[in-house]
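Below is one structure, written out as structure tokens; comments come after it.
Here, each number is a calculation from the coordinates, and none is a lab measurement. Everything numeric here is computed off the predicted structure, so don't read it as measured data. Cβ sites come from the backbone with ideal geometry, for glycine too, and all protein chains shown count toward neighbours.
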Amino acid sequence: MSTRISRRAILISIPGAVVFARGAAAGLFTKALPGDLDLSLVRLSRGGLYRAELAPDATPITLRQMQVWTVTLQTAAGAPVTQAGIAISGGMPQHGHGLPTAPQVTKNLGNGRYLIEGVKFNMRGWWTFELAVDAAGGADVVTFNIIL
Ligand SMILES: [Cu+2]
């Protein structure tokens, strides 16, 4: 009698666990896009120190192809930021992973323009592309949102 009851309890609890696991997985992968997502390729840094403009080498931005981009950096007042250190990171906030490549600034083009090589996106969705800028005016971060 008691084994019959516990067996029944197991049979009931297994589908429950499956439903719970599915729900948890769905929660991980279907986070809604923030409604106020700014998709502009011209953005002010978080602390307001810099204004950055991203120029992909081709638009619309392609999937699974190595790209060369240019970023133009200015102070908030509009002066070119000519000697900046720029570290690049990013990823997909909804998926919890970073960029598939490690893009880097490979050339200072002068007048606040910098060449970024090694940009690639390997899936559709919402990507962030972050520039950690370190220059005479201080350190600040510019975040771009890109939807592919
Ligand atoms: Cu992803």
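So, by mean Cβ neighbours within 10 angstrom, what's the order for 48-59, 97-108 with the highest one leading?
Order by mean packing, descending: 48-59, 97-108.
Based on the mean of other Cβ atoms within 10 Å per residue, sort peptides 78-90, 128-140 so the most packed one is first.
So the order, starting with the most tightly packed, is 128-140, 78-90.
In the range 62-87, which residues have a backbone nitrogen under 15 Å from the label point lying 7 Å from T106's Cα in the Cα-to-Cβ direction?
In the range 62-87, the label zone of T106 (backbone N under 15 Å from the point 7 Å along Cα→Cβ) covers 65-71.
If we count every other residue with Cβ under 14 angstrom of R43's Cβ, Lys/Arg +1 and Asp/Glu -1, where does the sum land?
Summing Lys and Arg as +1 and Asp and Glu as -1 gives -3.
Gap in Å between the Cα centre of the range 34-56 and the Cα centre of the range 82-144?
12
Multiply the residue separation of L33 and H95 by 0.36 nm, subtract the distance between their alpha-carbon atoms, and state the gained length in nm to one decimal.
My answer for the length gained is 21.2 nm.
Based on the alpha carbon coordinates of the range 42-147, what radius of gyration and maximum Cα-Cα distance (Dmax) apply, in Å?
13.2, 37
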